[in-house]
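Colleague: The structure under discussion is supplied below as structure tokens; questions concerning it will follow.
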Amino acid sequence: MENRTWEEMYDILANWACVPEETLDCCFGIMGCNTETAERILYYYTGWHSFDGFLAEMEERFGD
């Protein structure tokens, strides 16, 4: 079960999903700094609805 802050999700989006920081700053600025915004960005860029699922796939692909 997810229990992340939007800041942690921002870092995952930037570092693991390779979303440009300019895009993240714009989206969070317009839609608000919250987990719902982060989940919408995650879905747009990866097709995943869940950060847990996305991170599990990344771990499976690339290891720790």
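Just so you know, all these numbers are worked out from the coordinates, no wet-lab data involved. Owing to the predicted nature of the structure, the values given are computational and were not obtained by experimental measurement. Methodologically, a virtual Cβ is constructed for each residue, glycine included, from the backbone with ideal geometry; neighbour enumeration extends over all protein chains shown.
Colleague: How far apart, in nanometres, would the label points at Ala56 and Asp11 be if each is projected 7 angstrom from Cα along the Cα-to-Cβ direction?
Modeller: Output for this residue pair reads 2.2 nm.
Colleague: What dipole magnitude, in Debye to the nearest 20, does the chain give about its Cα centre under +1 on Lys/Arg Cβ and -1 on Asp/Glu Cβ?
Modeller: Values: 3 positive and 14 negative charges, 43 e Å.
Here the size comes out at about 200 debye.
Colleague: Another question, then. At a threshold of 8 angstrom on Cα-Cα distance, excluding pairs fewer than six apart, so keeping six or more, what relative contact order does region 8-62 reach in percent? Please list the in-between numbers first.
Modeller: Working: 33 pairs, mean separation 16.2, N = 55.
It comes to 29 percent, rounded to a whole number.
Colleague: Mean residue ellipticity at 222 nm from the helices of the chain, using -39,500 (n - 2.57) per DSSP H segment of n ≥ 4 over the full residue count, to the nearest 500 deg cm²/dmol?
Modeller: On the way: 4 runs with 45 residues, N = 64.
Calculated from helices alone, the mean residue ellipticity at 222 nm is -21500 deg cm²/dmol.
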